[in-house]
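Participant: Once you've had a glance at the structure underneath, I'll fire off some questions.
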């Protein structure tokens, strides 16, 4: 049956969902005047669950060290410059997305306060997907892994530089 030949049918859906007062539905013009900025009852009391900027900075510094070592070791060797440019572009994109996600994470739930100390971050839980992970574990996994890879890149750089001189 051709859908263009059918008579238009008006579709209406009635929902019996009860929306708390002041919470906007998908029709902003139907909200009560003055109730556009009402937050849930937990306003100001919810513990922050976002990444601390120091974790992002430590992780970015580790990856920047890796790139620096490889730029120093492979500078001037044919197509390695192109490979390093591509690796730098990919790493910059990855770190930029991670920084944007970390910065945006503070604004996702407006009832959380937008700052906290690094000590408080390490002692609290971080929300990752649908689970919670300790702040210390997050720091070790992100910054620790970046700096372990930076140490490994430094060792590789020393080995490669030493093998070229002999």
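All of the numbers you see were taken from the coordinates with simple rules; none came from a lab. The shown structure was predicted, so the numbers you read here are calculated from the model rather than taken from an experiment. All Cβ positions, glycine included, derive from the backbone under ideal geometry; neighbour counts span all protein chains shown.
Participant: P(r) tail for the range 53-165, what percent of Cα pairs lie past 17 Å? Display every interim value, and only then the final one.
Facilitator: Values: 3996 of 6328 pairs.
Roughly 63 percent, once rounded to a whole number.
Participant: Quote the FRET efficiency, to the nearest 0.05, computed for residue 134 versus residue 86 with a Förster distance R0 of 45 Å and r equal to the Cβ-Cβ distance.
Facilitator: Efficiency computed from Cβ-Cβ geometry: 0.80.
Participant: Compute the relative contact order of the range 120-162 as a whole-number percentage, counting only Cα pairs closer than 8 Å that sit 6 or more residues apart in sequence. Numbers along the way, then the final one.
Facilitator: Details: 21 pairs, mean separation 10.7, N = 43.
It comes to 25 percent, rounded to a whole number.
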